[in-house]
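Structure first, commentary second.
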């Protein structure tokens, strides 16, 4: 079972591969395609055996990786929005009668955890229009409601309880939950979007997971969209250590055996060695890049517009 902290199914599978002679993992399917400026990887956990090995719920996990997400310009945004829209349409389908509730998870007072609320604020909501005009169908729009429920520290209420009560009241056909995630590779922070059909546990990105939002609990399909915005200090240190070892090996004379021994440490062994060194001093911090303010704003535009174009046929203009 995976014990290194990551919310990405892609990374969980990579770590499973590290511990096996075969790249085939029981109960897990993998499909990967290379697009221009974007890699799309689909990991499907198909049964309980795969779920236990991966420590992920049964369902599909679609990961888009692209450096385009780093660039704050219209051309880069349009390209990644188009890729995201296409994957969302495949997951959501094109039934115009389905009603959707979009939930922005996270704390809007913490920038690295504000992806959900910022995305919802830019998502086109239409439920009030459908209700005011007593409509059940429209050629260009579907019925969409949106909410950012905050976090328990702000409301005193479990996020799952708030979402459950709203689902019971307005009866959507599906919930789309957006949240910040955690990665175990610094290179994937703010350059990766994960779409999952297995639901989500709010608070994963900042290490404070709450009760999961999934079909079993809410009674409707739950699609989760997340971006890793943080890593923990042990993960960052492990990546830096790898770079340092490679650099030292090229410069050292007579110490190759020692550095080769360090290189042969398994990923999980190295991570726990560093984590055990940091934890007693309370130094295993949550780390995020310094330009996180601009990055979260850009990512919220990308995800909200990807949602708008996949949920509302009239918005597909590109």
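The values are calculated or read from the model by the stated rules, or taken from the named source; none is laboratory data. All of these numbers come straight from a predicted model, not from anything done at the bench. For neighbour counting, all protein chains shown are included, and Cβ atoms are generated from backbone atoms with ideal geometry for every residue, glycine included.
Tabulated data for the structure shown
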{"read-out": "Any chance residue 239 is at pLDDT below 95, in contact with a strand residue (DSSP E or B) (Cβ under 9 Å, 6 or more places away or on another chain) and crowded, with 20+ Cβ neighbours inside 10 Å", "value": "no"}
{"read-out": "Residue 112 being touching a helix residue (DSSP H, G or I) at 6+ places or on another chain (Cβ under 8 Å) and modelled with pLDDT of 95 or more", "value": "no"}
{"read-out": "Qualifying position, being crowded, with 20+ Cβ neighbours inside 10 Å and free of Cβ contacts under 8 Å to residues at least 60 places away in the same chain, among 156, 146", "value": "146"}
{"read-out": "Residue among 301, 274, 316 that is more than 18 Å from residue 183 (Cα to Cα), in contact with a helix residue (DSSP H, G or I) (Cβ under 8 Å, 6 or more places away or on another chain) and at pLDDT below 65", "value": "316"}
{"read-out": "Residue in segment 56-66 that is assigned by TED's automatic domain parsing to the domain that holds residue 304, at pLDDT below 95 and within 20 Å of residue 188 (Cα to Cα) present", "value": "yes"}
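Per-residue answers, yes or no, for (1) closer than 14 Å to residue 194 by Cα; (2) within 20 Å of the chain's Cα centre (by Cα):
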residue	(1), (2)
70	no, yes
74	no, no
81	yes, yes
87	yes, yes
91	yes, yes
100	no, yes
103	no, yes
126	no, no
